[in-house]
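Comments concern the structure below.
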Amino acid sequence: MSKEPTSSILLQAGTMLGLSSLKFPPVVKTEINLVLVLVTVLGFWTRLRNLSYPRAVVFDEVYYGQFVSLYMKRVFFVDESGPPLGHMILAFGAYLGGFDGNFPWNRIGAEYPSSMSVWGLRLLPAVCGALCVPLAYLLQLELGSSHYAALGASLLILMENSLIVQSRFMLLESVLIFFQLLSFFSYWRFYNASNSCSRYLWLIVAASSCAGAVGVKYVGVFTYLLLLGIASVHTWQLIGQRAVSHLRVFVECGCRAVCLVVLPVLLYVFCFYVHLTVLRHSGPHDQLMSSAFQASLEGGLSRITRGQPLEVAYGSQVTLRSSSSQTIPCWLHSHKANYPIRYEDGRGSSHQQQVTCYPFKDVNNWWIIKDPGRQELVVNTPPRPVRHGDVIQLLHGMTSRFLNSHDVAAPMSPHAQEVSGYIDFNVSMVMQNLWRVDISNREAESEVWKTIVSDVRLVHVNTSAALKLSGGTLPEWGFGQLEVVADRVSRAHHSSLVWNVEEHRYGTSHEQKEREVELHSPTHIDVHPNISFLSKFIELQRKMLTVKQEESEHKYSSCPLEWISMTTNIVYWLHHSTNAQIHLIGNLVSWGMANLSLAAYQLLALWYLLRRRRAIRDIPEASWCQFQRVGVVCVGGWLVNFLPFFLMENTLFLYHYLPAYTFLLQLLPAVLEHAHTHLLSGKSQHRAGCVSAFAGLCSVYLCYKSFSPLTYGSPELSANQLQALRWQPSWDILYRRP
Amino acid sequence: MAKDEEDLTALRQRKTCLISENKQTLHTPLPEAQSNRLENEDDKQASNGTSCWTERSITPPGAQPPNTILVLLVLGLSFATRFYKLAEPPHICWDETHFGKMGSYYINRTFFFDVHPPLGKILIGLAGYMTGYDGTFPFVKPGDKYGHHNYWGMRGFCAALGSSLPVFAYFIVLELSHSNSAALIAAALLIFDTGSITISQYILLDPILMFFIMGAVLSMVKFNQQKSRPFCASWWLWLLLTGVNLSGAIGVKFVGLFVILLVGLNTAGDLWALLGDLQLTLVDVAKHLLARVTGLILLPLFLYVTVFAVHFAVLNKSGPGDGFFSSAFQSRLIGNNLHNASMPKYLAYGSTITVKNLRIAGGYLHSHWHLYPEGVGAKQQQVTAYLHKDYNNLWLVHKPDDGLDHPKTPELVRHGDIVRLEHKETTRNLHSHLQEAPMTRKHFQVTGYGINGSGDSNDLWRLEVCGGRRGDPVKVLRSKVRFLHVATGCVLYSSGKTLPKWGWEQVEVTCSPYLKETPNSQWNIEDHINPKLPNISLSVLKPHFLEILLESHIVMIRGNSGLKPKDSEINSRPWHWPINYQGLRFSGVNETEYRVYLLGNPVTWWLNLACLGLYAVMVAVASISLQRDVHLSQKRREHCWVLMRGGGQLVLGWLLHYAPFYTMGRILYYHHYFPAMLFSSMLTGLTLDTLLHSADLFLSPPRADWLLRLGQVALLFSVLYSFYIFHPLSYGMRGPLAHEPGSAMAGLKWMDSWEF
C-alpha cells in the first residue's frame, strides 16, 4: 500500500536486540499506528469489561456448555450443528480457566457456582470479538480505502451492540467472524504484496483461517468458496499475463492450489483428529455410531466386547445388529409369540414365531450359528470359522427356532417376504432355513466372518432374498418392535440389508438348559477391533451431516427477511429478580445506514457498469478497481453469508445474520469515501459530506450508548426506560410489574 | 483465403435483410483485427469485440448446411423407434394412472388438483378427445387393462413429441458446432437411448416437457444466429417461437423454469453485448430490449395465464380436488355444496358447521372414532385436519354450559365468546390439555373428549375474529377466526405435518402456545347449517381470476414441497442419475408379466458421463491456451470457440437442469434427469466430434483422417449394438428375470441395482 497514513501519528522506535548478528547494534525499526492501537484497546475494553457478569447461564451457553463439559470429561459426543473446532476453542478456554466439567447445564439463567471461572469460559470468544475491530481497520486498508474509512469501519464494528453481545458469552459467532475477516484480510495482504516469497505466508494464514471458519460452523464454507472464487479470478489474470514465463505461472498456480485447497482440507481433517483423540471415552451418543466405532471408545461397548473372539465360527453365539442408518440401533430378535393368523387388512400369515428387530439389549437377541450338515451347537477345537459364501442356519438361542423365510407376504411390507422362527404346523409349509453369508466389505473371496468388523448380508438360499430391516413398526401384536423381512437383493448395498455381529462368544454347552444359562451370563471375552482414524472421521462426518435436527419452533426464532430490518430480537438473559436483562439487539442506526449503503452501492455499481459499457468513464480506472474490490468483499461476503439461510430448514435466529452483517458494515465507510472523492465536488459539498458523516457517527454512538444497558446487562433500567427503548414495536422487551 | 470467403458470404447474407444493411456495412471493415480481439474480450475491448463475434457466428468457416438426407434419416429413425410397439403393453403403466386420469378429467370437465401446471394434461386430454377417447376409463391403478378404450391416441401424441427430440438435438448441435457429424452423433445417442424411447412411449408429461425445452433451446440458438439482421421476419419468428416454447415448458411442469433461466441468461448476455456495441445508438439498444421483453417475458406470461384460464374454464364441475382450495374457490364449481349456496350469514349457537384451516391447502377440522395410540399423549380420540369433504368434519357450536334446550331465536356467536365445539358424529368435545402433540413436540395435543355434551373445563375455547372487536358477530366464510384454549391459553393450530399410519396420514392438529397470527392458526367457518336462521346467497364470494391463479399456484407449490420422501423408503438421489444407477419399473415385476423398465442405454449414458469429464479437460486446455496466447491455427481457434461457446451453453443447460435437484427436499425420481440428459447427449456429440477432428494434433494428415473415420464408425457401431442388446428394456421383456440364465437379458445386468 502506497497511501500515506494521514490521520495517524507515526512513532519510530528503535529496539535493541541483544543477539549477535552482522551489524552491531542490530536495529529494528517499527512503525506503530496509534489509531490502530487505540481502536484495538477500545475493542478489548468493550468486549472484555466485566466479562463474568452475569454469573449465570446465558442463552445458548446452555447448549455449548454441555459439549464443553463433555470435552473436559473427554466423553465422546456427536453434535450435528457444526464441526468440532468451535467447541474445541470454547473447551480450550474452559480448560485454561480450570473448569472441571461439573455443571449440569440444564436451563438458561441457572447461576454458576462461585468456584467456577466464568471468565475463562467466555474469554476466547470475547478476544476474537475484540480482534475483529482492528481486523476491520486493516481489511479496509487492504481494500484500498483511506485511513479515515478504515477508522470508520472499525468504529462501526466497535459500537455494534449485537456483535458485543454475541462476543461476550460462550458462543461461536464471534469466532466465526474473526476467522472470516482474518482470511479476507490476509488474502488481500497476499495479493497486494510485492512479488516476494514471504507473501505466501499470508496466503497460508488466509487458508488456515478459512479452515478455521469452516471448522467453527458449516456456513463458513460459503466464505471459503467466495475467497476461492476471488483467488481463481486473480490466478486467471496471472495466466493471462504474457510477460510472465510459463514455468513461473505453473509454479505460482501450483503453490496457490496447494495453499488454498489442500491445506484447508488437511487442517479441517486435523481438527477432527484432535477431536477424536481427545474424546476417548464412550458417552451418550455412542449408539449413533457403528459397532466398530463404539468399540474404539473406552467404556461402553468396548467394555462388553473386550476379549470377544474375532472370527465367527460354527457354534458361535452372536447378537446381530442392523447397520441401518436409522438413529435407533436394533438387534435381530425373536420371542415366544407368533404372527397373528390374519392381519387387520385380511391378509393371512404363516402363524409362525415372530422375528423382529429390538432396540434394546436382551437375552432374546442371541442367535447360534449352526452348520446345516451337522447337529452340534458348540464350537469345535479348533473352531471352524464361517467364510464368505458359506451356507448356515441361525438358531434362536432361547426358543430353539430356526430363522426361516418363505413366500408369504410380510406383515407391514406386503411386497417383501415374511421372516419367522420356523414352527412345523404340518400344513405343507416346508422349512426354508438356509442362509448364505455375504460379506460386503470383504477383501478376499474366502474372507472369514469377523466380529464387529464384517458387514454381512444374509441371503436366503431358496429365494435369494436378503434379511432386511424394513423400517416399519409392528402393531400391538408385535409389541411395537421393528419389522424384519426378506427382500430382493437387487437394491444393492443399502444399509438396511447389512448386519454385523456385535456380541459374540463361542458356545460350549450341549444342552438347551445349560445354553440358556450361558446366554443369560454376561459376555467376557476380548478383541481390539482396530478402526483407522480416516474411517472414523468419515463415519463421524457423515453422521453429523445426515442426522436430522429435530425441527423445532422457538419463541425467538425468525426468518431471514426479518433480519434486514431487525424486526426481531432475542432475550438472552433476565435477572431472576430485577429488570436487568441482556438482549441481542443491534445498533439500529448503523443497521439502517448499512442497508442504505448497500442500496447506494448497488445503484452506483449498476450506473457505472452501464456507462462503462457505453465507453463512458466516470471515474479513473484505479478507483473503479477499488470500487469493485470493496463490492466483491463486502457485498459478496454479505450475500454468501445471508442467501444460504433462505434454503435452510432448521430453526433460524437473528444471530445467524451477524457474519453477513459484519461484511455489510464494512461497506458503509467505503461507499461514503467513494462518494466523497468522486461524487461531491466543491469545498462546501465536501464539508457537508464530512459533517454528515460525523453526525452519523455520533448518532451511532448515541444509539450504542442508549442500548448498552441491554448489551451489558447493567445498569438495571426501570420499566419506563425499558418501554422507551422499544424502538421497534415487534421487539420483545421484558419488565417486571412493580 | 478462407478469411475473404467468409466476408463475402457475410455480405451476401446481409443483403437479404435490408433494414440493417447500412449499419452493418459501417462496421464491416475490421476483418484483420478481429481474430486477435476475440480472445481477450475483457472490458477494454468488449466494445468492438462483440461486433466481430456477431459476424463470426453467421459465417463460420467450417459451417455446413443441414444435410437433408441426414435430417430425414434422423426423423425416420426416431419416429420408427418411438412408435414401434407403441400400443404394448395394453394396460396402464406407471404414472399413466395419474396423467391419463387427468386427461379424462378434462374430457369430463371435472375439477381436480395436481402439483403440475395444467398445459401437459390439457394437451393429453385434447389428444385423447381428438382420437376418440371418451374419458370413461377410470385409470385406477397400474396394470389395469385398457380393454376397448382408445388409449393409443394419447400415447401416440406423446410419442410424436418424443420423436422430435433427436431432430431438435440435431439442429441445435449443428447450429452450435457447425458440424454435421457432431449433430449426427448427438441425434444417434438420443434415437438409440432406451430410456428416451421408453419415456416417450407412454402417457406422461415428460415427452411434452422435453419437447418444449428442446424447442425453446432450438429457437434460441436459431435466434442467436439471426443476430446480424435484427428485426427482420425470421428474427421475429425465432424470438416469438422461443417465447411460445418457454411458456409451454413452464406450463407443463415447474421444471420448465430451468430452461427459462437458460434462455434468460443467454438473453442477458446478448443484451450486454449489444449495449457494448458502440455502433448502436441507445435507442437501438432500447428497441432490442423491448423486443426481448415482449417476446420472452410478456408473450410467455400471457400464454401461461391463458393456459390457466382455459384450465379453469374447462373444469367447472366439482371433483376430487375441491378440498385443497379455499371456500371461496369452491363456490365456483358446479356440484360443490358451496356453488350457488345459501346459508345463514352469521354464526349462531346450535349451528352445525365445518371449520377449515386458512393455510392454503389446509384441511377441515376433523375427528373420528379412532384414539391416539399408546405413547402419543393421552389415549383419547384423534382430532386431525382432513382435506376431503366428509361427515366427520361436522361440528356443533354450543355455549359452555348449555343443556339441550335452545331458545327459539338462536343467539349469535360473538368475538370473545367462550364456546364448546362438539363433534357431531361421535359427540365428543374439542379438547386440549398439557400433553405434547404427536409431531410438533412443543405444542399441546388436541383430542376429542367427553361424550354427549359432558366434559370438563379443558373443552372450552374462546373464539376470536381476527381484527375484530368485542361483540362483533362471526361472518360465515368471510371471517378469519382463532380458537384460543381457555385453560392453557394456546391457540388451535394446524401444523401441516402428516400423521403416521395410525392417524390415517391426515394432517396434525395441535394447540400452539405461540400466539403469532399465522394462517396455520386461523380458521374459517365453511358450511353452516341452522334451520332457525334465514339463508342468504353467497354469490358475492366468487373470486377474481387473478385470485384463483394465485391461490392455485400456492396450492401447487405446497403440494410439491409436501411430496416428502418417507424415511423407510429407498429413494432416488441425484447422484444416482448420471451413472444410471437405478431405473424405474414401468410395468410388471414377476417372471410371467410383460415387463418394461425405464433405464437409459448404459453405453450412451456412461459415454455421456465420460464426455462431461473430457469436455472439462478440453475446455480447460482450450481456454488456457487462448489466455496464454499460444499460437494456434485458424481451424484450432474455431474448435476452441465451438467448445467454449457452443459447449458452454450446453453445459449451462445441463447444470441448470441437474444441479437444482440437489437442493430440493421433495421426493425425486430417476426420470427427473431426462431433460439434463438431453443436454448431456448434445454435449457428447459436440465434444467427441471436436476431439476426433483434433486428431491431427498428434498424427499426420492421412492417419488423422483415418482415425476420424474409424472413431465415428466405432462410436456409431457401439451405440447401435448396445441398443440392439438393451432394446428389450423398452420394447418389453417376458420370461425369467435377468439374473437367471434363461432370460433374454442374461448377462446384461451390469449393475446390481438394476431391477430387470
Residues (open to solvent by 20 Å² or more (accessible area, probe 1.4 Å) and within 14 Å of chain A (Cβ to nearest Cβ)) located in the stretch B:440-468: B:R441, B:K442, B:F444
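Considering every residue within the stretch B:454-468, establish whether at least one is closer than 20 Å to B:T384 by Cβ and in a loop (DSSP other than H, G, I, E, B). Working first, answer last.
First, the residues of the stretch B:454-468 that are closer than 20 Å to B:T384 by Cβ: B:455, B:458-459, B:461.
Then keep just the ones that are in a loop (DSSP other than H, G, I, E, B); that gives B:455.
Among the residues of the stretch B:454-468, at least one is closer than 20 Å to B:T384 by Cβ and in a loop (DSSP other than H, G, I, E, B), which makes the answer yes.
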Long-range neighbours under 6 Å by Cβ, at least six apart or interchain, first residue within 11 Å of chain B (Cβ to nearest Cβ) and over 15 Å from A:A337 (Cα atoms) within the stretch A:470-486, second open to solvent by 40 Å² or more (accessible area, probe 1.4 Å) and hydrophobic (A, V, I, L, M, F, W, C): A:G472/A:M412
Cross-chain or 6+ apart pairs with Cβ under 9 Å, the stretch B:424-435 first and on the phi > 0 side of the Ramachandran plot, then assigned to a loop (DSSP other than H, G, I, E, B) and acidic (D, E): none
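Here's the yes/no breakdown for (1) at pLDDT below 85; (2) open to solvent by 30 Å² or more (accessible area, probe 1.4 Å):
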{"position": "A:C357", "(1), (2)": "no, no"}
{"position": "A:P372", "(1), (2)": "no, yes"}
{"position": "A:V386", "(1), (2)": "no, no"}
{"position": "A:H406", "(1), (2)": "no, no"}
{"position": "A:Y422", "(1), (2)": "no, no"}
{"position": "A:F425", "(1), (2)": "yes, yes"}
{"position": "A:N433", "(1), (2)": "no, no"}
{"position": "A:V437", "(1), (2)": "no, no"}
{"position": "A:N441", "(1), (2)": "yes, yes"}
Test set (1) buried (at least 17 other Cβ atoms within 10 Å of the Cβ); (2) outside any helix (DSSP H, G or I) - A:N364 fails condition number: (2)
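Condition check ((1) among the hydrophobic types (A, V, I, L, M, F, W, C); (2) assigned to a helix (DSSP H, G or I); (3) touching a residue at least 60 places away in the same chain (Cβ under 8 Å)) across all residues:
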residue	(1), (2), (3)
B:R332	no, no, yes
B:L338	yes, no, yes
B:M343	yes, no, yes
B:K356	no, no, yes
B:S367	no, no, yes
B:E374	no, no, no
B:A378	yes, no, yes
B:T384	no, no, yes
Some residue of the stretch A:414-436 being closer than 30 Å to A:E514 by Cβ and under 35 Å from the mean Cα position of the chain (by Cα): no
Which numbered condition A:E649 misses (of (1) under 24 Å from the mean Cα position of the chain (by Cα); (2) part of a helix (DSSP H, G or I)): (2)
Of the criteria (1) within 29 Å of the chain's Cα centre (by Cα); (2) of a type in the set (S, T, N, Q); (3) away from chain B (no Cβ under 14 Å); (4) open to solvent by 20 Å² or more (accessible area, probe 1.4 Å), which one A:S684 fails: (1)
The stretch B:739-756 residues that are within 13 Å of another protein chain (Cβ to nearest Cβ), paired with ones that are open to solvent by less than 40 Å² (accessible area, probe 1.4 Å) and among the charged types (D, E, K, R) (beta carbon under 7 Å, 6 or more apart): B:F756/B:R595
Residue in the stretch A:559-568 that is away from chain B (no Cβ under 14 Å), more than 21 Å from A:F169 (Cα to Cα) and open to solvent by 60 Å² or more (accessible area, probe 1.4 Å) present: yes
Of all residues making up the stretch B:469-483, the number that are under 16 Å from B:A348 (Cβ atoms) and part of a loop (DSSP other than H, G, I, E, B): 7
The stretch B:161-171, residues that are surrounded by fewer than 24 Cβ atoms within 10 Å (Cβ to Cβ), in contact (Cβ under 8 Å) with a residue 60 or more places away in the chain and in contact with a Phe, Trp or Tyr (Cβ under 8 Å, 6 or more places away or on another chain): B:S164
Answer residue from the stretch B:623-644, given it is within 14 Å of chain A (Cβ to nearest Cβ) and outside any helix (DSSP H, G or I) and is modelled with the highest pLDDT among those: B:R628
Of all residues making up the stretch A:399-413, the number that are within 44 Å of the chain's Cα centre (by Cα) and either among the hydroxyl-bearing types (S, T, Y) or assigned to a loop (DSSP other than H, G, I, E, B) (or both): 5
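Each row is one residue, and each column tells you yes or no for (1) more than 14 Å from chain B (Cβ to nearest Cβ); (2) farther than 24 Å from A:Y137 by Cβ.
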site: A:E173; (1), (2): yes, no
site: A:L176; (1), (2): yes, no
site: A:S183; (1), (2): yes, no
site: A:Y187; (1), (2): yes, no
site: A:L201; (1), (2): yes, no
site: A:A207; (1), (2): yes, no
site: A:C210; (1), (2): yes, no
site: A:C253; (1), (2): no, yes
site: A:V278; (1), (2): yes, yes
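Within the stretch A:181-237, can you find the residues that are part of a helix (DSSP H, G or I), of a type outside the set (A, V, I, L, M, F, W, C) and open to solvent by 50 Å² or more (accessible area, probe 1.4 Å)? Step through it out loud before you land on a result.
At the first step, the residues of the stretch A:181-237 found to be part of a helix (DSSP H, G or I) are A:181-192, A:199-216, A:220-237.
Narrowing further to those that are of a type outside the set (A, V, I, L, M, F, W, C): A:183, A:186-187, A:189, A:191-192, A:199-200, A:208-209, A:212, A:215, A:220, A:223-224, A:229, A:232, A:234-235, A:237.
Scanning the stretch A:181-237 gives A:R189, A:Y191, A:S232, A:Q237.
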Some residue of the stretch B:603-619 being touching a Cys at 6+ places or on another chain (Cβ under 8 Å) and within 14 Å of chain A (Cβ to nearest Cβ): no
Qualifying position, being within 14 Å of chain A (Cβ to nearest Cβ) and in contact with a Leu (Cβ under 6 Å, 6 or more places away or on another chain), among B:V474, B:V491: B:V491
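Taking the options B:K424, B:K389, name whichever one is more than 14 Å from every other protein chain (Cβ to nearest Cβ), open to solvent by 60 Å² or more (accessible area, probe 1.4 Å), of a type in the set (K, R) and touching a helix residue (DSSP H, G or I) at 6+ places or on another chain (Cβ under 7 Å). Before you say what the answer is, go through the steps one by one.
Working: B:K424 fails: touching a helix residue (DSSP H, G or I) at 6+ places or on another chain (Cβ under 7 Å).
Sole residue among the options that is more than 14 Å from every other protein chain (Cβ to nearest Cβ), open to solvent by 60 Å² or more (accessible area, probe 1.4 Å), of a type in the set (K, R) and touching a helix residue (DSSP H, G or I) at 6+ places or on another chain (Cβ under 7 Å): B:K389.
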Single unsatisfied condition, A:E311 versus (1) more than 14 Å from chain B (Cβ to nearest Cβ); (2) loosely packed, with under 15 Cβ neighbours inside 10 Å: (2)
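The values are calculated or read from the model by the stated rules, or taken from the named source; none is laboratory data. Computed from a predicted structure; not experimentally measured. Cβ sites come from the backbone with ideal geometry, for glycine too, and all protein chains shown count toward neighbours. Accessible surface areas use protein heavy atoms only, side chains included; no ligands, DNA or RNA. Shrake-Rupley method; radii C 1.70, N 1.55, O 1.52, S 1.80 Å.
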